[in-house]
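Have a look at the structure below, then the notes.
The values are calculated or read from the model by the stated rules, or taken from the named source; none is laboratory data. Quick caveat, the model's predicted, so the values are computed rather than measured. Note: ideal-geometry Cβ built from the backbone for every residue, glycine included; neighbour counts use all protein chains shown. Protein only, heavy atoms only, side chains kept; ligands, DNA and RNA dropped before computing areas. Shrake-Rupley method; radii C 1.70, N 1.55, O 1.52, S 1.80 Å.
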There are 2 protein chains.
Amino acid sequence: MADDTTSYDLLEGAGLRPTAIRQRVLSALLSAGRSLSHRDLVELLPGLDRVTIFRSLKLLKEAALVHGVQGVDGTLRFVVNPAERRGCPGGHAHFLCLECGAMTCLLDQELPRVGVPAGAEVRGKQLLVYGICPECAAGKRSKAERARRAPASTGRSRRPRSLG
Amino acid sequence: MADDTTSYDLLEGAGLRPTAIRQRVLSALLSAGRSLSHRDLVELLPGLDRVTIFRSLKLLKEAALVHGVQGVDGTLRFVVNPAERRGCPGGHAHFLCLECGAMTCLLDQELPRVGVPAGAEVRGKQLLVYGICPECAAGKRSKAERARRAPASTGRSRRPRSLG
DNA sequence: GGATATTTTGCAACTAAATTGCATTTTCTG
DNA sequence: CAGAAAATGCAATTTAGTTGCAAAATATCC
């Protein structure tokens, strides 16, 4: 897979050992075109241990190769950081579909600066918009299809047009 | 307790039966001065069943008496809606302390409008800033004190002064 | 007021996410 | 190649949240 070369380089560049497992996890995230939960990855990478995937994700996040967004549904999802943000994680809004569970980055959305209590130390912030994604809203997805978690979506992140 | 009258009225006004349990849950949230997780409430209201508390919270949220915010730590926290927002839940940012778990409302922070994919239906949004709260940053809280979850904090929501 | 229907509550069991400890394997270093 | 360090797999545990059902409380109707 072409992605494997990429993930190898990314891992090395981030100072992580490019083990086979980490490459597979990162590759999956790279080629997904959308965010993946730990559970998604378990299904996508059969044969890999759940715990090892958890640990890989933690490392990838610490190395700022990916970022995690906590959904209002309580599930943490991971997305590969765009190249220009590598080493400077987060920073954009996300949209979470309450129906199919897909979460997409809204890359062109800057996060606002927020006033915090005096003396507080800010580590990060996340802006999460949630509702029903275009596919689900259009009823294109049957209840059966989307049963449990997000199915492999088209992943195309279209240009935002409406306001929420 | 003075709060009990208030919570009784709030419940009635919202069209919910003002049962003893719901009053206790709502009173706890009213007098907390900060957000409480389900777990906080279980500890704060001994003798009440976990499941009943879950169900009460769900009702309170649906009635827009409180709103819930999903922390980056994966825990859902609940806050009483300010009077002017009752019936119009959400709408402001929150600060979550990663150390003690306390979450406070940043009431004067409006949520920005966010562009979403065309055709998406927005149900809500949340802006969460996380880091270390002033108390923890000042080392006022010992490791033992804050062991597991937020201790009863002062709850004073001071005026935001720095930017995150 | 009493019988009946509806809600609410408590309990037990269950699902799911995430973490921890430890033994084993793999990888790096000299 | 030997020894040290890191990564992996597995089992068990913790925690959040849900579901089904029976018992208790509350409302409704006559």
> Under the Karplus relation 6.51 cos²θ - 1.76 cosθ + 1.60, θ = phi - 60°, what is the ordered set of whole-Hz ³J(HN,Hα) values for segment A:38-54, x standing for Gly and Pro?
Replying inline: 4, 4, 3, 5, 4, 6, 6, 10, x, x, 8, 6, 3, 5, 4, 5, 3
> To the nearest 100 Å², how much accessible surface do chains B and A cover up together, summed over both, with a 1.4 Å probe?
Replying inline: 3900 Å²
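Send over a whole-number figure in Å² for the accessible area per residue of segment B:2-146, probe 1.4 Å.
45 Å²
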> Does segment B:2-146 classify as rounded, prolate or oblate by the C-alpha gyration tensor (a ≥ b ≥ c root eigenvalues; a/c under 1.5 gives rounded; else a/b over b/c gives prolate, otherwise oblate)?
Replying inline: oblate
> Stretch B:Asp73-B:Ala138 to full length: gain in nm at 0.36 nm per residue minus the Cα-Cα span?
Replying inline: 21.2 nm
> A:Leu106's amide H: which non-local residues (gap 5+, or another chain) put their own amide H closer than 5 Å, with H modeled 1.01 Å from N in plane and none for Pro or chain starts?
Replying inline: A:Ala93, A:His94, A:Phe95
>> Could you check the spin-label model distance between A:Phe54 and B:Arg50? Points 7 Å from the Cα along Cα→Cβ, value in nm.
In response: 1.8 nm
>> Going by amide H atoms built from the backbone, whose H comes under 5 Å of the H on A:Gly124, apart from near neighbours?
In response: B:Tyr130
> Once amide H atoms are placed 1.01 Å from N in the peptide plane, what residues at a sequence separation of 5 or more from A:Val66, or on another chain, have their amide H within under 5 Å of its amide H?
Replying inline: A:Lys61, A:Asn81
>> Please report the carbon-and-sulfur percent of the accessible area for segment A:1-80; probe 1.4 Å, protein heavy atoms only, DNA, RNA and ligands left out.
In response: 53 percent
>> Between segment A:1-75 and segment B:52-126, how far is it from one alpha carbon centroid to the other, in angstrom?
In response: 29 Å
> Per residue of A:129-136, what is the mean number of Cβ atoms on other protein chains within 10 angstrom of that residue's Cβ?
Replying inline: 6
>> Residue by residue through segment A:116-133, what is 3J(HN,Hα) from phi via Karplus (6.51 cos²θ - 1.76 cosθ + 1.60, θ = phi - 60°)? Round to whole Hz and write x for glycine and proline.
In response: 10, x, 4, x, 7, 10, 8, 9, x, 7, 9, 10, 10, 9, 10, x, 10, 6
>> Using a 10 Å cut-off around each Cβ of peptide B:65-74, what is the average number of partner chain Cβ atoms that fall inside?
In response: 3
